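The values are calculated or read from the model by the stated rules, or taken from the named source; none is laboratory data. Given the structure is predicted, the values throughout are model-derived calculations rather than measurements. Here the Cβ is made from the backbone with ideal geometry for all residues, glycine too, and neighbour counts use every protein chain on show. Accessible surface is based on the protein model in full, side chains and every heavy atom, while ligands, DNA and RNA are left aside. Shrake-Rupley method; radii C 1.70, N 1.55, O 1.52, S 1.80 Å.
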Amino acid sequence: MAKTSKAKEMEGDVYYPSEQVIAQARLKDWDALAEKAGKDLEGFWSDEASELEWFKKWDKVLDDSNKPFYKWFVGAKTNIVHNAVDRHLNTHRKNQLALIWESEDGKQERTFSYFAMNREVSRMANIIKAMGVQKGERVTIYMGRVPEIVFAMLACAKIGAIHSVVFGGFSVDSLQGRIDDSESKLVITCDGSYQNGKIVELKNIVDEAVKRCPSVENIIVVKRTGQPVNMEAGRDHWYHDMCALPIANGKCATEVMDAEDPLFILYTSGSTGKPKAILHTHGGYMVGTYSTLKYVFDINDKDRWWCTADPGWITGHSYIVYGPMVAGATSMLFEGGPTFPYPNRWWQVVERYGITVFYTAPTAIRGLMRFGEAWPNKHDLSSLRLLGSVGEPINPEAWKWYFRVIGKDKCPIMDTWWQTETGAFMIAPTPVVPLKPGSGTRPFFGQEAEIVDEQGNPVPDDTEGYLTLKNPWPAMLRTIYGDDARYVNQYWTKYPGRYTTGDSAKRDKDGYYWIIGRVDDVIKVSGHRLGTAEVESALVSHPAVAEAAAIGLPHEVKGQAIHTFVLLRSGFSPSPELAEELRQHVSTHMGPIARPEDVKFLDKLPKTRSGKIMRRVLKARAQGLPEGDISTLED
Ligand code: WTA
């Protein structure tokens, strides 16, 4: 891109925004707003919140009297659905598209205006209510990428129920644990979903899972694939049958919620133990997703925005469903993946719908690079104006390919660093910010990041350390559902007064942040967040396994891949067949995304004297690196 005269000289490989990008940008002066927000955090967020509608405005923007249990927009009344759907009905957006959906095979297309969205969401909300679900109760949603997953999420929010979406790529054990922990009364699912032309039998998985979930009273089943499924009378209900009932009309009042009322929980992997339910609220999360999408991707109601994530992860929650709809944009939901049946599938979708902003994960870019430029080059991608990246560090090689081949050297890439816990972007540029491939640039307005050493002292520039955040922000998690103590311990104890991210990072002399990776036992496999503990417990549930350890190792396309080490019970001996059986076992219990790359049989796992497995040592050994401090290693 052409360097503009005003931009200051920076170190390294820098991509300056073009005059055209600057001319189009809503926000021209990043520094001025950053400075303003830095001086008056509450004023900044108050201005952002004022762009949305509230049934009652707040008495106080931020209440930090009981840290780290921060409260935002205290005293305000709203409902995120009022801003994501209802308010658009009184504007020119009423007949604009809220959602475009295309099936994996490309043979079906469904579109919903904001008007239609309101009808669909209201209908589903009435059905959920008829199932006896009340405000504050949990509903588990376990579906494929179909429009009904969006309706289901919004329908829960509309009536004040708390949704807990479980990614449709997880399997029985993961689903069971999440339904049980949340004590959901209702599960919403599909008969099946499509994955690369094959059917994933979602309803069968639900049937298996709920055998051990006493809280579940009803299951709503959306028909997608049409294969026969078991329907238990009294418990299981076809969605299309319910839609024919008089209660299922398109009129349902939106519940008035307190800004701090829970909107959803989303289970994510932590450093140890079982996944934790991250809790987000109506008010702060609404303002955070809206404001970040507005500034970082400069989104407006003319945009056709496509975030390729699955709604079952935070990226899908914030940037397929809530953010784009609160902003009044058109959001694309595509059922399939990038390479089925051919590696041009995504570019076909971009061309077909005139996508303007495209947001995906580095793993997808790396995967697509392998198939060469000819595939994207078959398509007219000229509608694109901005690109985005999320989920893991993007290597400069992939960044440059993405920039040149997909963006045709004219679309800035917004590399957004954030987490399930942060709810919205935390480190990210805006279109006018000069970019460095591999860096998410600087913290979002109102945020300050600091990289510290083990003791919490700031480290010098260009030095690796722990990434911490200094200020509270509206879309922050409020707690771990049902476990306040874990919330405090996990995020606020190591460095009191600041949020611990679990990532390591460096800052360069220009103040740009470079994420290195997780410092805990979280593994990012193809951008999906998984915990070693879950993989290990799946392994030890196999009769042959006495003990197991899982680690993440670098992988060319996936970013990280899962490698496992197993100690067999007596009576079992190592064999390639058993290794394969164990990989399959993990896949069946947790889901195909957790299938280990390999299983190695060991006679002994490296442990501390207190019996904790030293994954760090396994990792070093596997990569032929020095083992570091092993003074705590037993004998
Ligand atoms: C990683 C996904 C580098 C990071 C939104 C973080 C990233 C974890 C980036 C959270 C990025 C996310 N650059 N690393 N742009 N975005 N990460 O909860 O390690 O699934 O802590 O949220 O993903 O993963 P989660």
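What about residue 88, is it crowded, with 18+ Cβ neighbours inside 10 Å and either of a type in the set (Ser, Thr, Tyr) or over 24 Å from the mean Cα position of the chain (by Cα) (or both)?
Numbers: crowded, with 18+ Cβ neighbours inside 10 Å: yes; either of a type in the set (Ser, Thr, Tyr) or over 24 Å from the mean Cα position of the chain (by Cα) (or both): yes.
Yes: the conditions hold for residue 88.
Where in region 200-283 are there strands (runs of 3 or more DSSP E), lying wholly inside it, with at least 1 residues that are under 18 Å from residue 81 (Cα atoms) and aromatic (Phe, Trp, Tyr)? Before the answer, list the steps.
Numbers: elements: 218-222, 236-238, 262-268, 276-281.
Filter on region 200-283 gives 262-268.
Determine whether residue 313 is within 16 Å of the ligand (Cβ to nearest atom), touching a residue at least 40 places away in the same chain (Cβ under 8 Å) and either farther than 21 Å from residue 143 by Cβ or not small (Gly, Ala, Ser) (or both). Write out each step before concluding.
Details: within 16 Å of the ligand (Cβ to nearest atom): yes; touching a residue at least 40 places away in the same chain (Cβ under 8 Å): yes; either farther than 21 Å from residue 143 by Cβ or not small (Gly, Ala, Ser) (or both): yes.
Criteria met by residue 313.
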Query raised in the report: Restricting attention to region 371-399, and to residues there that are open to solvent by 50 Å² or more (accessible area, probe 1.4 Å), away from the ligand (no atom under 16 Å from the Cβ) and not in a loop (DSSP other than H, G, I, E, B), which single residue is nearest to residue 22 (Cα to Cα)?
Result: 377
Requested in this report: Go through region 246-274 and give me each residue that's surrounded by fewer than 23 Cβ atoms within 10 Å (Cβ to Cβ) and in contact with a Phe, Trp or Tyr (Cβ under 6 Å, 6 or more places away or on another chain).
Outcome: 256
Report task. Scan region 454-475 residue by residue and report those that are farther than 30 Å from residue 13 by Cα and within 13 Å of the ligand (Cβ to nearest atom). Result -> 475
Requested in this report: Examine region 178-193 for a residue that is over 19 Å from residue 266 (Cβ atoms) and either touching a His at 6+ places or on another chain (Cβ under 9 Å) or surrounded by fewer than 20 Cβ atoms within 10 Å (Cβ to Cβ) (or both), and state whether such a residue exists.
Outcome: no
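Does region 541-576 hold any residues that are among the charged types (D, E, K, R) and away from the ligand (no atom under 16 Å from the Cβ), and which are they? Show your work before the answer.
Here is the first cut: in region 541-576, the ones among the charged types (D, E, K, R) are 547, 556, 558, 569.
Answer for region 541-576, where residues must be among the charged types (D, E, K, R) and away from the ligand (no atom under 16 Å from the Cβ): 547, 556, 569.
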Query raised in the report: Restricting the search to region 404-425, which residues are open to solvent by 10 Å² or more (accessible area, probe 1.4 Å), in contact (Cβ under 8 Å) with a residue 24 or more places away in the chain and more than 8 Å from the ligand (Cβ to nearest atom)?
Result: 408, 409, 410
Query raised in the report: Within the bounds of region 58-78, is there any residue that is crowded, with 16+ Cβ neighbours inside 10 Å, part of a helix (DSSP H, G or I) and among the aliphatic types (A, V, I, L, M)?
Result: no
Query raised in the report: What number of residues within region 29-45 are within 16 Å of residue 287 (Cβ to Cβ) and open to solvent by 30 Å² or more (accessible area, probe 1.4 Å)?
Result: 3
